[in-house]
1. Under the condition of being open to solvent by less than 30 Å² (accessible area, probe 1.4 Å) and more than 15 Å from the ligand (Cβ to nearest atom), which residue from the stretch 277-295 is farthest from Gly308 (Cα to Cα)?
2. In the stretch 407-428, is there at least one residue being within 19 Å of Ala122 (Cβ to Cβ), in a helix (DSSP H, G or I) and open to solvent by 70 Å² or more (accessible area, probe 1.4 Å)?
3. Please work out which residue is surrounded by the most Cβ atoms within 10 Å (Cβ to Cβ), limiting yourself to the stretch 261-276 and to residues that are within 21 Å of Gln205 (Cα to Cα) and among the hydrophobic types (A, V, I, L, M, F, W, C).
4. Residue under question is Leu338, and the condition is that it be on the phi > 0 side of the Ramachandran plot and either out of contact with any Asp or Glu (no Cβ under 7 Å at 6 or more places or on another chain) or among the polar types (S, T, N, Q) (or both); does it hold?
5. Could we say that Trp101 is in the same structural domain as Leu180 (by TED's automatic domain parsing), under 14 Å from Asp312 (Cβ atoms) and open to solvent by 10 Å² or more (accessible area, probe 1.4 Å) here?
6. In the stretch 203-218, is there at least one residue being in contact with a Pro (Cβ under 6 Å, 6 or more places away or on another chain), of a type in the set (A, V, I, L, M) and assigned to a strand (DSSP E or B)?
7. Which of the residues that make up the stretch 365-399 are in the same structural domain as Glu61 (by TED's automatic domain parsing) and of a type in the set (S, T, N, Q)?
Amino acid sequence: MNEPASMPPRACDLVVRGDFVLPMTAGLPEIAGGAVAVRGGEIVAVGAADDVAADWLANDEIAGGIVLPGLINTHGHAGMTLYRGLGDDMPLEQWLHEFVWPAEKKFTNAETVAAGTRLAVAEMLACGTTSFADMYFFQQTVGEVAEECGMRVLLGQAVIGFPVPGCPTPETAFDKVRALDAAFDGHDLVRPSMALHAVYTLTPQLMERGAAVAAELGSPLQIHLSETRTEVDDCREAHGMTPPALCARTGVLREHTICAHGVHLTADDVALIRESGAGISLNPESNLKLASGIADIAGLLAAGVPLGLGTDGAASNNDLDMWDSIRLAALLPKGTTLDPTVVPAREAVRMATVGGARLFGWEQRVGTLEVGKRADLCVIDTSAAHQTPLYHPYSHLAYATHGSDVVHTVVDGRVVYRDRRHTTLDVTDVCATVTRIARRVASTV
Ligand SMILES: [Zn+2]
């Protein structure tokens, strides 16, 4: 019998080959000797490299050791790279009152936020992060910078109950969220959200108002939640309930609300969050540095709460390397439970990819390598001494990989970081600009 005539290969924009391709789809398969084909920013094939090569003729090709979905940084303040290392080794409250807020009052404006965000984007793209959530000021500028650099962002106009840069009143911040919604309606890379700072910087009335405006716009909400014991104790004293209970009462806790931290939660809090459809962005490195505590990652995972990972801002981490967050998410629960089987390597990688997409409500667009999804991915070089030998790719990703092992990053089908060089920004220039601003900060703070 004659073999059926095979289809001639079709043209595509890009083929990405890897010794391993990890699509992060159900069952977490590993494709040894795999490839991903991309056309028009969309994934059109994922499979064995030979099969992909037989079907697709690539205009461009990149390759490396491990190909996986781009990392999704679910919590941060990109513009705060300006204040990286400005104040260390002190508690959150002191750090906010003595360093962050005074510095922001003097130096945070649209121009400095653009410079700081460009630096954050440069760092994140170089570490394989393809999407990030921002919670800061001047979000129109942040959206423009992300667009210019070709990075995906969930903007978060920060709402705080006192005057902040760019917003003399919380009502101005609500107006800005509306304006962002109009400016980036249906944008490929930039989507807005409402970022309510925290229960300790907002009144319940403002939380209600924020939840109502976000509901009217269909925007996701972000909030710092139960980050420190002080926050929880003060909330109980002022409102007679925990921060998640207050969020539930004010309508803030709901489907696709991104709760950053979740370090100090009661069993009732966990149940409230799970039932609401909200998720938690875990930021283990920031929580350690500010001595906020250690979230019960194993317990939250077992409870079925949607989990993503974040770095938090560069002023409290102090870098934006998501591989540190992955490693800590896998290691800390083992140390606190004395059980080495909790949060296995692949689960930590899952949180940083598909878990983040679920938190943003973007699971139909990104987070896995599947036909029909937007092509957001990163490629890890596994040839270095610390990556040799390679038995299990997930083990390397969780326990041996650093941001500097990322060799290529692709966002929406565009190679924005290629052979360890940015293609959409001049990193020397970006660093020089921030260094100039930092000199002014250092001379006055
Ligand atoms: Zn934060």
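The values are calculated or read from the model by the stated rules, or taken from the named source; none is laboratory data. Because the structure is a prediction, the values reported are computed rather than measured. Please note: Cβ atoms are built from the backbone with ideal geometry, for glycine as well, and neighbour counts cover all protein chains shown. Accessible surface areas use protein heavy atoms only, side chains included; no ligands, DNA or RNA. Shrake-Rupley method; radii C 1.70, N 1.55, O 1.52, S 1.80 Å.
1. For the stretch 277-295, the residue satisfying everything is Gly277.
2. Looking for residues that are within 19 Å of Ala122 (Cβ to Cβ), in a helix (DSSP H, G or I) and open to solvent by 70 Å² or more (accessible area, probe 1.4 Å), one finds at least one in the stretch 407-428, hence yes.
3. Per the criteria, the residue is Ile273.
4. So Leu338 passes the test.
5. Considered against the rule, which asks whether it is in the same structural domain as Leu180 (by TED's automatic domain parsing), under 14 Å from Asp312 (Cβ atoms) and open to solvent by 10 Å² or more (accessible area, probe 1.4 Å), Trp101 comes out as no.
6. no
7. Matches in the stretch 365-399: Thr382, Ser383, Gln387, Thr388, Ser395.
Let's see how each residue does on (1) open to solvent by less than 20 Å² (accessible area, probe 1.4 Å); (2) in contact with a helix residue (DSSP H, G or I) (Cβ under 9 Å, 6 or more places away or on another chain):
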site: Phe20; (1), (2): no, yes
site: Thr25; (1), (2): no, yes
site: Leu28; (1), (2): no, yes
site: Val52; (1), (2): yes, no
site: Ile62; (1), (2): yes, no
site: Leu68; (1), (2): yes, yes
site: Asp89; (1), (2): no, yes
